[in-house]
Amino acid sequence: MKAVIMAGGQGSRLRPLTCDLPKPMVPVANRPMMEYIVELLALNGIEDIAVTTCYIPEIIEEHFRDGAPWNVRLQYFVEDQPLGTAGSVKNARSFLDGTCLVISGDSLTDLDLEGAVAYHHEKGSLATLVLTRVSSPLEYGLVFINEAGQVERFLEKPGWGEVFSDTVNTGIYILEPEALSLIPTGRQFDFSKDLFPLMLQRGEPLYGYVASGYWSDIGNLEQYVQSHIDLLEGKVRTRLSGQDQGGIWTEEGAFIHQDAVIRPPAILGRNSRVERGAVVGPHTIIGSNSVVGQQSSIKRSIVWNNVHIGNGAEVRGTVICNQAVVKPKVRIFEGAVIGQSSILGMSSTIRPSVKIWPQKLVEKSTTVTEDVVWAGTCSSSLFGNTGIVGLANVEISPEFAARVGASLGAMLDLRQAVLVAADGWEPSRMVKRALTAGVLSSGVNVVDIGSTTLPVTRFTTVLTKTKAGVYVQQGRKMSDQIEVEILDEKGFPFSRNQERALENYFYRGDFRRVPGGEVGRTQFAAGANQAYLKALCQQYGKASFGGQRLSVVIGYTSPALRFLLPPLLDELGCQVIDVAFDKEPGVAPNTALFQQDSYLSQVIDTVLREEAALGLLVGGSGRTVLVVGGEGELLSEDVYWPLLTWAFAVRGKDIGKVMAVPVTAPHSVEELAARYHLPVVRTPNNPRAVLQGADGQAEGDLTLLHPAFDALSFIAALLSLVAREGVSLEKLVASIPAKGRRELDIPVTWQEKGRVMHTLLASTVDRPRDLIDGIKVYHEQGWALVLPDGEDPMVRVYAEAPTYDEADSLAQLYLGEIEGQLR
């Protein structure tokens, strides 16, 4: 039997480790990670091996040559252009003449390959995927198999709401020639995206083998470090270089001074030196020819070859690449990476998670708090539930913002344009300007519409036909935070794939740099608010309130809303009573949200005193609104979706279209929609999914001005409904079918989320359910939805029933089941 090692990976998320190396050649415990794969194949009796390469292929060939030292025979097949995983194997077709095993050369594993091959033949499969179970499956491809082992479904890089299994694709496959014949020649073609779905569609025998043992794809720096810990702790069945002396592996020529201290487990490479008084702590690897100087201390770190660590240095949880020089009294902290041939000056300090790219110089006594290649901080994930969020001028600094802008610019073509806006808060405007500079540096133009709201930004992004939009605002959860939301050309929040693409540029730091004469240009565009208001008024028209002007109390602390909300209400035929919160000294756009009780009380008091029909307290970004009825009662947000559905359904020109609502919305939506024969479609619980569901389903600009994510559009829709029905808001709400609702947050670690959802999926198999987002289970008295949070270590339970007590009972039922799993 023959094997193919796929070794063309660039390892972009491992940079700067892979700036000068293909990922399969990155050292793991002083050996290229591909060596472990070659040895695993040899151990399983596979000696004829093809190696497919693309990125810096000569480094791989120079190291492995013909494979003789490993008792295998290697042949190399170089891709002139990237062909994808399946395409790269097809490129080695002259080598293959029967059943073959395909494996990635940039992972670490001891999985049972012989067992997988035997299973493959036993099942008569044309292609068998070797699978394994992981605790956090978000970054992997999920594979669903039935009891017979047949593959039923694939899901690439799921969100938490789609995690119904912890069984993932390891990138190890056993293939028959018939499967290989389905791969086209000379063009990009992937196994998981193309070949296997094609085989599934054709009904070809396709199986999954769940293997036991260790597997890591070493997809990021955290996994890289963890793989070393696992090796040193004996979790991987493989050999370590050197002689084992009580958990300290020393290779030939390694020198340890008698006054040095080495604490196991640790590895000392060939001809390495640990000088007098030095301390090498547990989980440390010292590469060949590297020196740990006198009185220095190094713990939990990975030091490559030919590195010099000076006297008195302190190194903690760091990766140091080949030929780096760490001068005396340098301090390097957890998560830092020092690139190849970089020099850290005496007494310099490298703060946690800082990356120094190759061949950089850090001057003496310098404290480095951000990456040296392009300023910015590092994070395991740039985007959260509401975009990019961090402390103003600390986590989201001008340097950070410029880096985000350069990353966004790198995703676009030269001379394309990005629209930018902010909410008027000074830190927001500062970040917007810095982000603009980053976009311009990549040769992309910028359209700046100044201070406005998020809905205006979304609308104008589409109106100006720019390729992306950026809105910077004061945080909605903490007043000292910044939120950066990035929109695509349709005004939708970035998809997860787009977020990942931007994150890749952000983490790699190798942005596009254009000559000075080709940097982008900024156009300051006026009139965005007016164009938005015109479209909004055309969408809803002037309301008729029985010949009277409906009195409405309004409150807001964002100056941008002064030019939007009062003119809109006036155009709709309302009498506006403005409490003018925005003119109070020291207020910021979202002050009304952070001091909600105080501002809401003033709105309620004004509604009652003026005998107004309703009151409105609008958030600074123009996305959210709190509504107070004429009797001073705050409307529950549970009635927002039913009211929107009602307002949408009674618009005669839109009857027969589809109402898109999130999976969490009350089911009174369906009951109201049924009165008007309006179909309802449920979507995942995020704005992009709802907007996509509504896209093309309504006439006019309803998708752009969607009232679920546009406070002013919501207000206009609500007032139009009140006018059309000819009754008060309170009576409208009273006629909505009553539902009891309960919502619970359950702390669940990231590692446990996949298992919790998988177990819950199995335990509810006999009940009616939806898997649109999370697991929604239907009971006689109502429904319960279990939805993992994408930003925090928790699972949220929603429940709905005719009464609150019944809804609470349903929520408690699933709370008990989840907590039982965690015990």
Say whether the condition of being of a type outside the set (Asp, Glu), in contact with a Gly (Cβ under 8 Å, 6 or more places away or on another chain), open to solvent by 10 Å² or more (accessible area, probe 1.4 Å) and within 30 Å of residue 396 (Cβ to Cβ) is met by at least one residue in the stretch 295-312.
yes
With (1) buried (at least 16 other Cβ atoms within 10 Å of the Cβ); (2) over 29 Å from residue 462 (Cα atoms) as the list, and residue 584 as the residue in question, which single condition is left unmet?
(1)
Flag if residue 226 is part of a helix (DSSP H, G or I), within 30 Å of residue 354 (Cβ to Cβ) and open to solvent by 30 Å² or more (accessible area, probe 1.4 Å)
yes
What single numbered condition from (1) surrounded by fewer than 17 Cβ atoms within 10 Å (Cβ to Cβ); (2) farther than 22 Å from residue 10 by Cβ; (3) acidic (Asp, Glu) fails to hold for residue 176?
(1)
Looking only at the stretch 374-395, decide whether some residue is modelled with pLDDT of 90 or more, buried (at least 19 other Cβ atoms within 10 Å of the Cβ) and in contact with an Asp or Glu (Cβ under 9 Å, 6 or more places away or on another chain).
yes
Among (1) in contact with a Lys or Arg (Cβ under 9 Å, 6 or more places away or on another chain); (2) in contact (Cβ under 8 Å) with a residue 60 or more places away in the chain, there is one condition residue 678 misses while meeting the rest; what is its number?
(2)
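One line per residue, one yes/no per condition, for (1) touching a residue at least 24 places away in the same chain (Cβ under 8 Å); (2) within 21 Å of the chain's Cα centre (by Cα); (3) closer than 20 Å to residue 507 by Cβ:
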{"site": "388", "(1), (2), (3)": "yes, yes, yes"}
{"site": "396", "(1), (2), (3)": "yes, yes, yes"}
{"site": "399", "(1), (2), (3)": "yes, no, yes"}
{"site": "403", "(1), (2), (3)": "yes, yes, yes"}
{"site": "406", "(1), (2), (3)": "yes, yes, yes"}
{"site": "425", "(1), (2), (3)": "yes, no, no"}
{"site": "436", "(1), (2), (3)": "yes, no, no"}
Hey, residue 197 touching a Pro at 6+ places or on another chain (Cβ under 8 Å) and outside any strand (DSSP E or B) or not:
no
In the stretch 200-223, residues that are polar (S, T, N, Q), assigned to a loop (DSSP other than H, G, I, E, B) and under 18 Å from residue 129 (Cβ atoms) total 1
Tell me yes or no: at least one residue of the stretch 46-60 is under 28 Å from the mean Cα position of the chain (by Cα) and either open to solvent by less than 10 Å² (accessible area, probe 1.4 Å) or aromatic (Phe, Trp, Tyr) (or both).
yes
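Condition (residue is more than 26 Å from residue 693 (Cβ to Cβ), within 20 Å of the chain's Cα centre (by Cα) and basic (Lys, Arg)) applied to the stretch 481-499: is it met by at least one residue?
In the first step, residues of the stretch 481-499 are kept if they are more than 26 Å from residue 693 (Cβ to Cβ); the result is 481-482.
Going one step further and asking which of them are within 20 Å of the chain's Cα centre (by Cα), we end up with 481-482.
Then drop every residue that is not basic (Lys, Arg), which leaves none.
The answer is no, given that none of the residues of the stretch 481-499 is more than 26 Å from residue 693 (Cβ to Cβ), within 20 Å of the chain's Cα centre (by Cα) and basic (Lys, Arg).
Scanning the stretch 74-95 for residues that are among the aromatic types (Phe, Trp, Tyr) and not in a loop (DSSP other than H, G, I, E, B), which turns out nearest to residue 197 (Cα to Cα)? So that I can check it myself, show each step before the final result.
In the first step, residues of the stretch 74-95 are kept if they are among the aromatic types (Phe, Trp, Tyr); the result is 76-77, 95.
Remaining after also requiring not in a loop (DSSP other than H, G, I, E, B): 76-77.
Details: 76: 28, 77: 26 Å.
Selected residue: 77.
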Test for residue 587: is it aliphatic (A, V, I, L, M), assigned to a loop (DSSP other than H, G, I, E, B) and more than 18 Å from residue 727 (Cα to Cα):
yes
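To keep it simple, each residue is scored yes or no on (1) modelled with pLDDT under 90; (2) not in a loop (DSSP other than H, G, I, E, B).
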position: 653; (1), (2): yes, yes
position: 657; (1), (2): yes, no
position: 666; (1), (2): no, no
position: 670; (1), (2): no, yes
position: 677; (1), (2): yes, no
position: 681; (1), (2): no, yes
position: 689; (1), (2): yes, yes
Residue among 603, 639, 628 that alone is in contact with a helix residue (DSSP H, G or I) (Cβ under 6 Å, 6 or more places away or on another chain) and in a helix (DSSP H, G or I)
639
Under the condition of being surrounded by fewer than 17 Cβ atoms within 10 Å (Cβ to Cβ) and part of a loop (DSSP other than H, G, I, E, B), which residue from the stretch 179-194 is modelled with the lowest pLDDT?
186
Which of the residues belonging to the stretch 354-370 are touching a helix residue (DSSP H, G or I) at 6+ places or on another chain (Cβ under 9 Å) and either surrounded by fewer than 19 Cβ atoms within 10 Å (Cβ to Cβ) or on the phi > 0 side of the Ramachandran plot (or both)?
370
Of all residues in the stretch 508-532, which are touching a residue at least 60 places away in the same chain (Cβ under 8 Å), out of contact with any Asp or Glu (no Cβ under 9 Å at 6 or more places or on another chain) and farther than 27 Å from residue 459 by Cα?
508, 510, 511, 512, 513, 514, 518
Just to check your reading of the model, which residue among 315, 319, 292, 279 is open to solvent by 20 Å² or more (accessible area, probe 1.4 Å) and under 26 Å from residue 252 (Cβ atoms)?
279
Return the residues of the stretch 98-113 that are closer than 12 Å to residue 49 by Cα and either of a type in the set (Asp, Glu) or in a loop (DSSP other than H, G, I, E, B) (or both); say none if nothing qualifies.
105
Pull up the stretch 539-572, narrow it to residues that are crowded, with 17+ Cβ neighbours inside 10 Å and in a loop (DSSP other than H, G, I, E, B), then point me to the one that is modelled with the lowest pLDDT.
543
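Looking only at residues in the stretch 720-740 that are open to solvent by less than 60 Å² (accessible area, probe 1.4 Å) and in contact with a strand residue (DSSP E or B) (Cβ under 7 Å, 6 or more places away or on another chain), which one is nearest to residue 649 (Cα to Cα)? Walk me through how you get there before you give the answer.
Restricting attention to the stretch 720-740, the residues satisfying the condition of being open to solvent by less than 60 Å² (accessible area, probe 1.4 Å) are 720-723, 727-730, 732-733, 735-737, 740.
If we keep only those that are in contact with a strand residue (DSSP E or B) (Cβ under 7 Å, 6 or more places away or on another chain) too, we end up with 723, 729-730, 740.
Working: 723: 14, 729: 17, 730: 19, 740: 24 Å.
Restricting to residues being open to solvent by less than 60 Å² (accessible area, probe 1.4 Å) and in contact with a strand residue (DSSP E or B) (Cβ under 7 Å, 6 or more places away or on another chain), the top hit is 723.
The values are calculated or read from the model by the stated rules, or taken from the named source; none is laboratory data. Given the structure is predicted, the values throughout are model-derived calculations rather than measurements. Methodologically, a virtual Cβ is constructed for each residue, glycine included, from the backbone with ideal geometry; neighbour enumeration extends over all protein chains shown. Remember, those area values only see protein heavy atoms, side chains included, never the ligands or the DNA or RNA. Shrake-Rupley method; radii C 1.70, N 1.55, O 1.52, S 1.80 Å.
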